Every structure is written in structure tokens, then in C-alpha cells.
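Heads up, the thing below is written out as C-alpha cells.
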Amino acid sequence: MKKSLLGNIMAIAAVLVIGSVTHAATLVTDVTLVDVETGELVNGQSLLIRDGQIAEIATQIDAEGVDVLDGAGGYLIPGLWDSHVHIFSTPTEPDTALPLYLINGVTGIRDMGGLWPFEEQRALQSRIEAGEIIGPRLILSGAWVDASPGSWPGMFLADTPDDAQAIVDQISSEGWAAVKSYSMLNERTYLALAEAAAAKGLPLVGHIPERVALGTAIMAGQDGMEHFGRIPMACSTEEAGMLDALRYAMSEGADVSRVFSIMAERNGIILRTWDSALCSDILGQMTDARLHVSPTLVVADFYLGNWPAPDAERMRMLPSSVLEAWGKPDFRLEAMTDELRALAEDSVALDRHVFGMAHAAGVPILASSDASFANPYLFHGFSLLDELEIYVSAGLTPREALFTATVAPPRFFELDDQDGRITPGRRADLVLLDANPLDGLATLRSPRAVIVGGKVLDRAMLEDMRRRLLLAD
């Protein structure tokens, strides 16, 4: 049986506090600061980190009684964010997920829904913030709202506008960071959900429901949409017809298999009826509305069968129970027809083409992976780096890809102490790299050091965390 890693994480924390981090401040010397927003490089800099924040930046800082990290000319970037993850799908998932994020330079994550009670999610969030557990900063946006009976266990269920109002009241009182809409909401309930969220000052994020047009979601003021597939669908001249087909079937009491079949038929329709001018128009509307998109393009690898070998390091870092579950038949793959499989590569190619168009149009992007033990072959930490590489292959520069993971997320979350800049007064979530990431993202795979909440994890510590994961079973 896999032993709990929370004890291991706490042990590492103790080493940091008692051993290498014996003072409240750390001096990082001789680094090149990377301004991801502008592309500017400033070399020969030193940073003083105190109480979890950047206190001072200068070419030389005289500070006594502090710990020193020699940057040795390395490149310092803001810590990475994964804006769509699920770390609460099993009782012990954070034990593995938290160190996986850190060894990949991910110092912030937004959880989008899980099986843990909310008070337990908040307890973990508080322990991370207090420094009791070393892990990425955690945003809790998983208050997902769906129609009965719910697509996943533990969802809020709303079938009427009155249901939506009551649920948003509860979400607000419990202290969630956002309201998350889900796939099966009907349009009237969805619009009521959007109105109620706005009245409470909560962002509305999540899926565009399968019976709601993307244009309707834009007009309703949805702040963030999860996943990318609804955008190519909105670029089809048959979007209205596809929506009507599902609405009619569900009004007639169609069973789940029929609903899935109708949704599956959309891929072929989209490929036949995709329209470039229509796409430019809808992307322009999204840009004007500042509708942020968490694309999770890496999810396509699961459907294409682009899975790592069983002996790949990232596979060996997972609990055996997770690998066993991933090896069983999956309902999502079983729902794929021969036609869907034949169209899969073309559908993925269209998604990535439209993604390039979206970026060029100015649609704000939040780098995201959908990593979860419940989603086979989507890996905490590793899949975020895979996602960024997909962005580059779709036409973004390395700097533009990094922007989606360092600058865009904290600004969208409206964090008081983070905005993607390395400057005094900002939270000390940073990654030290061997090479300039603006020349290529491969250097992200092996950070020299990760600084999270002001705590320094040097390469030796990161390697120790890696070894613990490999030996955990």
C-alpha cells in the first residue's frame, strides 16, 4: 500500500525551516531577471526575500544573517500557474500532486472541482498558506453547478432559476473563489446562475453548457471558460442546429447514450461547416468581452492515444492504485465511435488552428492541463509543461506561452500580491532556470531552484522530492 506523502512533505518543510532556511530572509544573487510581459532581460541582479515577499532588488545587496542562494547567472522567472486542475479526486491525491507541481516549477494552481468536502479543501489551502505544508498556492474555484443528476459526484444541482439563485447564495456564504457552470445546465438556469454570480461579485467560470450558444455566454458575462472545443463549434455555421438537436432530444427525455451520441456527431459537422469569417467574428467578441479561456489542449493526447510508456518517469511517480485505474476501460474512450476515432486527428488539428487564431485575436489565455487522478494520462505538473509546448507548436513564441502561465493567471484571479512581475512587494513565487526560457521552453523541465512562498527548494531538494515519489510505493 502506498504510504502517505504528507508526512514526507512535512519532513521536507522541517528541513527547510530548521536546516537550510534558518533565517527569515534569503538573498538570491547573480540572476538574470526575465520580464515575461515585455521580454526584457536584466542581468547581474540580486533579490532579498523576506517573510515570503520580494523585499529588495539591486545589483548588489548587503545583508547580514541571511541565507544565500547563488544564482550563478541563471534566469529567474515568476512561478508557473496551472489554471485548471483537480487535486481532490481521491483521499490522498494532494500527497502526490503537490510535490509534482513543485518539481515542475508550478507554484500556483486553481482547483476546479473535487470530491473532498469544501472545509477540508480550505484546511489544506490554509496549511499551505501558513507554510505548514510546502505546496503551490491554491485557488479553490471548484463550486461546480450542473443539472440533475450531475455529471460527477458532489456537484451542486440546479434545474430551475430559483435553484441557481439559492446555490449561488450557498457558494458565496461558503467562501468559494468563483461559481463554476457545468455542461448539462439548461439555458434559463444558466442565465440565472450568471445573474446571481454577478450580483454576489463572484466570477462565473466553467463549461459553456451544451445547450447554450457561446455568444449567449459572452452576453451573459461569463468571465472564464474551461476547455476549447466550444470555440470551433461556435465557428460552425451549424452551431444553432447542433444546439437545437440536443435541446429537442433532452426535452423528449433522451437517455445518456443518446445525448452522448448527439454530442459526438458534432465533430463531423464542425469539420464540414467551419467558417473562417464567422470564427474571426466570435473571437473578436470574446476579446472585447475579456472572456478568459483555459484551453486544456493537452487533453487531446488522451483521446489520440499519445500515452507515456509504463516505465516513463512520470508514470513511476504515481501510486500503483492510480496506474491500475488508468489501465481499466474508460467510459470516455468507450463512448468514441469509429467515426469519431477517424476524425480525431483532424478535430485536434482544427482546435489548434483556432487556438492560434484566438491568440492572434487577443483572446486572453490561462495555461491549463485538467490534470487529475480521475483523468488518465494527465499529470500534475508535467502536463502543464506539455500544454505550453503545444502553445508554441500552435504559433505562440516561448514568451507568449509563458505569459499564459505566469502573468495572465494572477491578474485574472485579482491577487493582491501577484501580477506576474518580479518586483519588490510581490509574493516570492519564482523559478530559477539554467537557460533563457525565451529562447525555448525545454529549460523548464529541470529547474535549478523553485521558490514558493519565499521558501527555497534548490536542485538537491527538488531531486530529493523526485526520489521520494519514485520510491513511494
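What's the number of the condition Glu334 fails, among (1) loosely packed, with under 14 Cβ neighbours inside 10 Å; (2) touching an Asp or Glu at 6+ places or on another chain (Cβ under 9 Å); (3) at pLDDT below 95?
Exception for Glu334: condition (2).
Can you pull out the residues in the stretch 293-329 that are more than 18 Å from Gly229 (Cβ to Cβ), touching a residue at least 24 places away in the same chain (Cβ under 8 Å) and not aromatic (Phe, Trp, Tyr)? Walk me through it before giving the result.
The initial filter retains those residues of the stretch 293-329 that are more than 18 Å from Gly229 (Cβ to Cβ), namely 305, 307-329.
From what's left, touching a residue at least 24 places away in the same chain (Cβ under 8 Å): 307-308, 313-314, 316-322, 325-326.
Within the stretch 293-329, Pro308, Glu313, Arg314, Arg316, Met317, Leu318, Pro319, Ser320, Ser321, Val322, Ala325 meet the criteria.
Taking only pairs six or more apart or across chains, which ones have beta-carbon atoms under 6 Å, a first residue in the stretch 268-284 that is within 14 Å of Glu239 (Cα to Cα), and a second residue that is hydroxyl-bearing (Ser, Thr, Tyr)?
From residues that are within 14 Å of Glu239 (Cα to Cα), the pairs are Ile270/Ser236; Thr273/Ser236; Thr273/Thr237; Trp274/Ser236; Asp275/Thr237.
Collect the residues in the stretch 122-156 that are within 17 Å of the chain's Cα centre (by Cα) and over 17 Å from Glu226 (Cα atoms), keeping them in residue-number order. Step through it out loud before you land on a result.
To start, the set of residues in the stretch 122-156 that are within 17 Å of the chain's Cα centre (by Cα) comprises 125, 135-144.
Within the stretch 122-156, Gln125, Gly135, Pro136, Arg137, Leu138 qualify.
Tell me which of these Leu438 doesn't satisfy, since it passes every other one: (1) touching a Lys or Arg at 6+ places or on another chain (Cβ under 7 Å); (2) assigned to a loop (DSSP other than H, G, I, E, B); (3) at pLDDT 95 or above.
It is condition (2) that Leu438 fails.
Determine which single condition Ser257 fails, assuming it passes every other condition in (1) modelled with pLDDT of 95 or more; (2) surrounded by fewer than 17 Cβ atoms within 10 Å (Cβ to Cβ); (3) assigned to a helix (DSSP H, G or I).
Only one criterion is unmet by Ser257, namely (1).
Only one residue in Asp95, Asp70, Asp62 is more than 14 Å from Arg137 (Cβ to Cβ), free of Cβ contacts under 8 Å to residues at least 12 places away in the same chain, out of contact with any Cys (no Cβ under 7 Å at 6 or more places or on another chain) and not aliphatic (A, V, I, L, M). Which one? Please lay out each step first, then the result.
Numbers: Asp95 fails: free of Cβ contacts under 8 Å to residues at least 12 places away in the same chain; Asp70 fails: free of Cβ contacts under 8 Å to residues at least 12 places away in the same chain.
Among Asp95, Asp70, Asp62, only Asp62 is more than 14 Å from Arg137 (Cβ to Cβ), free of Cβ contacts under 8 Å to residues at least 12 places away in the same chain, out of contact with any Cys (no Cβ under 7 Å at 6 or more places or on another chain) and not aliphatic (A, V, I, L, M).
Can you tell me which residue within the stretch 305-320, out of those that are assigned to a helix (DSSP H, G or I) and closer than 13 Å to Leu378 by Cβ, is farthest from the chain's Cα centre (by Cα)?
The first filter runs over the stretch 305-320 and keeps only residues assigned to a helix (DSSP H, G or I), leaving 313-316, 320.
Filter once more, so that each one left must be closer than 13 Å to Leu378 by Cβ: 314-315.
Values: Arg314: 18, Met315: 20 Å.
The selected residue is Met315.
Residues in the stretch 409-419: is at least one modelled with pLDDT of 95 or more and farther than 16 Å from Gly108 by Cα?
The answer is no; no qualifying residue exists.
Taking the conditions exactly as written (acidic (Asp, Glu), surrounded by 22 or more Cβ atoms within 10 Å (Cβ to Cβ), out of contact with any Pro (no Cβ under 7 Å at 6 or more places or on another chain) and over 25 Å from Gly284 (Cβ atoms)), does Asp311 satisfy them or not? Step through it out loud before you land on a result.
On the way: acidic (Asp, Glu): yes; surrounded by 22 or more Cβ atoms within 10 Å (Cβ to Cβ): no; out of contact with any Pro (no Cβ under 7 Å at 6 or more places or on another chain): yes; over 25 Å from Gly284 (Cβ atoms): yes.
It is false that Asp311 is acidic (Asp, Glu), surrounded by 22 or more Cβ atoms within 10 Å (Cβ to Cβ), out of contact with any Pro (no Cβ under 7 Å at 6 or more places or on another chain) and over 25 Å from Gly284 (Cβ atoms).
Quick check on this structure: which one of Ala374, Ala401, Ala394, Ala361 is under 17 Å from the mean Cα position of the chain (by Cα), modelled with pLDDT of 95 or more, among the aliphatic types (A, V, I, L, M) and farther than 18 Å from Val106 by Cα? Can you show your working first?
Working: Ala401 fails: farther than 18 Å from Val106 by Cα; Ala394 fails: under 17 Å from the mean Cα position of the chain (by Cα); Ala361 fails: under 17 Å from the mean Cα position of the chain (by Cα).
The match here is Ala374.
Show the residue pairs that are 6+ apart or on different chains and have beta-carbon atoms under 9 Å apart, the first residue being within the stretch 371-393 and at positive phi and of a type outside the set (Gly, Ala, Ser), the second being crowded, with 22+ Cβ neighbours inside 10 Å and assigned to a helix (DSSP H, G or I).
Tyr377/Ser383
What do you reckon, is Ser148 in a loop (DSSP other than H, G, I, E, B) and free of Cβ contacts under 8 Å to residues at least 24 places away in the same chain?
In short, yes.
Can you name every residue in the stretch 204-217 that is surrounded by 19 or more Cβ atoms within 10 Å (Cβ to Cβ) and either more than 11 Å from Lys180 (Cβ to Cβ) or in contact with a helix residue (DSSP H, G or I) (Cβ under 7 Å, 6 or more places away or on another chain) (or both)? Reasoning before the result, please.
Taking the stretch 204-217 as the starting set, the residues that turn out to be surrounded by 19 or more Cβ atoms within 10 Å (Cβ to Cβ) are 204-214, 217.
Leu204, Ile208, Pro209, Glu210, Arg211, Val212, Ala213, Leu214, Ala217, listed by residue number.
Give the residues of the stretch 356-373 that are buried (at least 18 other Cβ atoms within 10 Å of the Cβ) and not aliphatic (A, V, I, L, M), sorted by residue number.
Answer for the stretch 356-373, where residues must be buried (at least 18 other Cβ atoms within 10 Å of the Cβ) and not aliphatic (A, V, I, L, M): His359, Pro364, Ser368, Ser369, Asp370, Ser372, Phe373.
When you check Arg230 against the structure, is it in contact with a Leu (Cβ under 6 Å, 6 or more places away or on another chain), without any contact (Cβ under 8 Å) to a residue 60 or more places away in the chain, of a type in the set (Lys, Arg) and crowded, with 20+ Cβ neighbours inside 10 Å, yes or no?
Values: in contact with a Leu (Cβ under 6 Å, 6 or more places away or on another chain): yes; without any contact (Cβ under 8 Å) to a residue 60 or more places away in the chain: yes; of a type in the set (Lys, Arg): yes; crowded, with 20+ Cβ neighbours inside 10 Å: yes.
It is true that Arg230 is in contact with a Leu (Cβ under 6 Å, 6 or more places away or on another chain), without any contact (Cβ under 8 Å) to a residue 60 or more places away in the chain, of a type in the set (Lys, Arg) and crowded, with 20+ Cβ neighbours inside 10 Å.
The values are calculated or read from the model by the stated rules, or taken from the named source; none is laboratory data. Note that the coordinates shown come from a computational prediction; the quantities given were computed from them, not determined experimentally. For neighbour counting, all protein chains shown are included, and Cβ atoms are generated from backbone atoms with ideal geometry for every residue, glycine included.
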